[in-house]
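The values are calculated or read from the model by the stated rules, or taken from the named source; none is laboratory data. For clarity, every value in this text was computed on a predicted model and none was experimentally measured. Heads up, the Cβs are rebuilt from the backbone with ideal geometry, glycines too, and the neighbour counts pull from every protein chain shown.
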Amino acid sequence: MTRNLFIMLFLILVSCNNSEFKSHSIKSGFINEPGEYSIFFKDFKTRKIIVKQLKDESIIFAITDNSNKILFQQNLNETFSSYHYWCLYVDVDANIWFYNSDYSSSKAIIFNKKTELYEMKDFCNEKLVLPEEFKKELDLKSTLQSCTSINK
């Protein structure tokens with residue numbers, strides 16, 4: 001009886017472990033799976049990009065500081081879906097660039113060093129210099145024909 005109880009407890013603990021949620025260190029690049037992505041700066045002001053898959057399989061992200069204070073969170077009404085094209089890119093300054101075809105959402109989440117807050121900008125309505133890797137990915141998909149930051 002005790003052995004069976006021990007085995008049952010062990011199985012419950014193992015099944016509760018969220019092995020899908022992995023920690024990564026990233027300088028810049030694409031994020032396309034759930035996890036915690038840490039960006040380290042010389043001034044020790046680490047920022048984390050948390051990407052989680054919800055129960056309905058939609059994906060959401062947030063940006064936190066090194067004490068886990070939320071600096072920005074994606075709108076719950078515009079989550080990413082595995083059924084539509086989405087692209088999430090982090091640059092070396094911990095700015096987030098993303099495109100979500102489900103909502104035709106083209107956003108840049110830019111850190112303002114003066115206010116120490118993130119500001120959301122629409123890079124298709126406002127001329128911004130996109131990270132080269134991110135721009136190439138969007139060019140390959142040919143999804144943003146009338147985007148100010150992509151078209152010359």
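So here's what we get for this one:
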{"quantity": "Qualifying position, being over 27 Å from residue 140 (Cβ atoms), out of contact with any Leu (no Cβ under 7 Å at 6 or more places or on another chain), surrounded by 13 or more Cβ atoms within 10 Å (Cβ to Cβ) and among the charged types (D, E, K, R), among 48, 42", "calculated": "48"}
{"quantity": "Of all residues in the stretch 24-36 being under 13 Å from the mean Cα position of the chain (by Cα) and outside any loop (DSSP other than H, G, I, E, B), the one that is surrounded by the most Cβ atoms within 10 Å (Cβ to Cβ)", "calculated": "35"}
{"quantity": "Where a residue in the stretch 32-61 is under 19 Å from residue 22 (Cβ atoms) and its partner, wherever it lies, is part of a strand (DSSP E or B) and acidic (Asp, Glu), with Cβ under 8 Å and at least six apart", "calculated": "46/65; 47/65; 48/36; 48/65; 49/36; 50/36; 51/36"}
{"quantity": "Long-range neighbours under 7 Å by Cβ, at least six apart or interchain, first residue closer than 11 Å to residue 49 by Cβ within the stretch 63-78, second surrounded by fewer than 13 Cβ atoms within 10 Å (Cβ to Cβ) and hydrophobic (A, V, I, L, M, F, W, C)", "calculated": "64/70"}
{"quantity": "Whichever residue in the stretch 37-55 is over 9 Å from the mean Cα position of the chain (by Cα) and assigned to a strand (DSSP E or B) and, among such residues, is nearest to residue 135 (Cα to Cα)", "calculated": "39"}
{"quantity": "Options 107, 141, 113: the member that is of a type in the set (Lys, Arg) and modelled with pLDDT of 90 or more", "calculated": "107"}
{"quantity": "Selection count, the stretch 53-67, where residues are closer than 22 Å to residue 28 by Cβ and surrounded by fewer than 17 Cβ atoms within 10 Å (Cβ to Cβ)", "calculated": "3"}
{"quantity": "The listed residue being of a type in the set (Val, Ile, Thr) and in contact with an Asp or Glu (Cβ under 7 Å, 6 or more places away or on another chain), out of 110, 70, 96", "calculated": "110"}
{"quantity": "Within the stretch 56-83, tally of residues that are part of a loop (DSSP other than H, G, I, E, B) and touching a strand residue (DSSP E or B) at 6+ places or on another chain (Cβ under 7 Å)", "calculated": "3"}
{"quantity": "Of all residues in the stretch 118-138 being aliphatic (A, V, I, L, M) and modelled with pLDDT of 90 or more, the one that is nearest to the chain's Cα centre (by Cα)", "calculated": "120"}
